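What follows is a set of notes on a single structure, which appears directly below.
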Amino acid sequence: MELRHLRYFIAVAEELHFSKAAERLHIAQPPLSQQIQQLEASLGVELFQRKTKRQVQLTEAGQVFLQEAYQLFAQLSKAIDLTQRTGRGEKGQLRVGFTSLVTYDLLPVILRRFREQFLEVELVLQELTTTQQEQALFNRRIHVGFAHPPLENNTFNQECIQQEGLIVALLETHFLARQENISVRQLKDENFIMFPRHLGPGLYDQILSLCQQGNFSPKVTQEAIQMQTIIGLVSAGMGIAIVPSSLQNLQRAGVVYRTLEEKTPLVETAVVWRQEDMTPVLREFLQIVRSVCG
């Protein structure tokens, strides 16, 4: 049995006339009759009772088969539509890794734009450090990540989507808060709150390099994994923090942000993926990222 047998059967069942069904199907009437006979033979039952040579009516078995044929074609249509939408990246799942830093600037805009265009794609978000994202990409636990180079694994595809300078976060009652700009040398005796180096060596080394320009090494008294935790500890008076400039969007009571007089290293954010794991959904997501980030 082939799909054409079902199409022919439905046409005859709806027209109840072989000539009219043949005309509708754009085929000759004799071949149509032969196809219906083949179908009945394969099923082992009569689907039609012949009232005249060309006019028919459905048997009870034919009425049941007609309803089932309708359902089969509806399911086929659904399968074709689902397959096509999946192939166009309009349906599926996308697992996205990201650092806390990108939630204050880039990521909300990207996700909102993607959701507006691809409502049927399931987004699974995982907050991970850069190091954790590399491992997750390698193990295929995420499809794409927003991380901060340099990366240890140079086989991943990556595109820079943002570069930003460093600023100082400190208590509004701190004596340096009265200044619009602060020299890094003025931070020599401060207690620093920093991100652990093993989880984010790029940012850690950039802050260390900046302090070394001021001829000192930072006195790290607290470490925190999340950027919001770092700012929370600043708010608690535990010390000061040098952070990427986009963190100014995180407002915390008692915390102010000040620019540095010196030219600071640039913190790079990159979108990272494995080319061999490219899917239609990932392809569309990367297009959204590029359009948002220019």
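Given the convex hull of the Cα atoms of the range 1-140, what is a quarter of its surface area in nm²?
If you wrap the Cα atoms of the range 1-140 in a convex hull and average its projections, you get 12.9 nm².
For a quick protection proxy, order the peptides 17-23, 50-56, 259-265 by their average other-Cβ count within 10 Å, most packed first.
So the order, starting with the most tightly packed, is 17-23, 259-265, 50-56.
Thinking of the range 186-294 as a set of Cα atoms, what percent of all their pairs are more than 20 Å apart?
Tail of the P(r) past 20 Å holds 50 percent of the pairs.
What is the extension gain from Asp189 to Thr86, computed as 0.36 nm multiplied by their sequence separation minus the C-alpha to C-alpha distance, in nm to one decimal? List each step's numbers first, then the result.
Numbers: separation 103, 0.36 × 103 = 37.08 nm, distance 5.74 nm.
Value of the extension gain: 31.3 nm.
With a ≥ b ≥ c the root eigenvalues of the C-alpha gyration tensor of the range 104-150, is it rounded (a/c under 1.5), prolate (a/b larger than b/c) or oblate?
Since a/c reaches 1.5 but b/c is at least a/b, the shape of the range 104-150 is classed as oblate.
Treating the range 59-132 as a set of equal point scatterers at the Cα positions, no solvent, please give the Debye-formula log₁₀ I(q)/I(0) at q = 0.19 Å⁻¹.
Result of the Debye calculation: -0.86.
Taking R0 as 51 Å, what's the FRET efficiency between Thr155 and Met1 from their Cβ-Cβ distance, rounded to 0.05?
The calculated FRET efficiency here is 0.55.
What is the extension gain from Leu266 to Leu43, computed as 0.36 nm multiplied by their sequence separation minus the C-alpha to C-alpha distance, in nm to one decimal?
Extra length available between Leu266 and Leu43 comes to 73.0 nm.
Could you work out [θ]222 nm for the chain from helices alone, using -39500 (n - 2.57) per DSSP H run of at least four and dividing by all its residues? Round to the nearest 500 deg cm²/dmol.
After summing the helix terms and dividing by the residues of the chain, the value is -13000 deg cm²/dmol.
Determine one quarter of the surface area of the Cα convex hull of the range 109-191, which equals its mean projected area, and express it in nm² to one decimal.
With every direction weighted equally, the projected area is 9.1 nm².
Which value, in nm² and rounded to one decimal, describes the direction-averaged projected area of the C-alpha convex hull of the range 151-231? Walk me through the numbers on the way to the answer.
Working: hull surface 26.9 nm².
Approximately 6.7 nm², given one-decimal rounding.
log₁₀ I(q)/I(0) of the chain at q = 0.13 Å⁻¹, via Debye over equal Cα point scatterers, no solvent, to two decimals?
Cα-only, vacuum Debye calculation for the chain: -0.90.
Each value in this text was obtained by applying a stated rule to the coordinates, not by laboratory testing. Note that the coordinates shown come from a computational prediction; the quantities given were computed from them, not determined experimentally. Because the Cβ atoms are built from the backbone with ideal geometry, glycine has one as well, and the counts that use them run over all protein chains shown.
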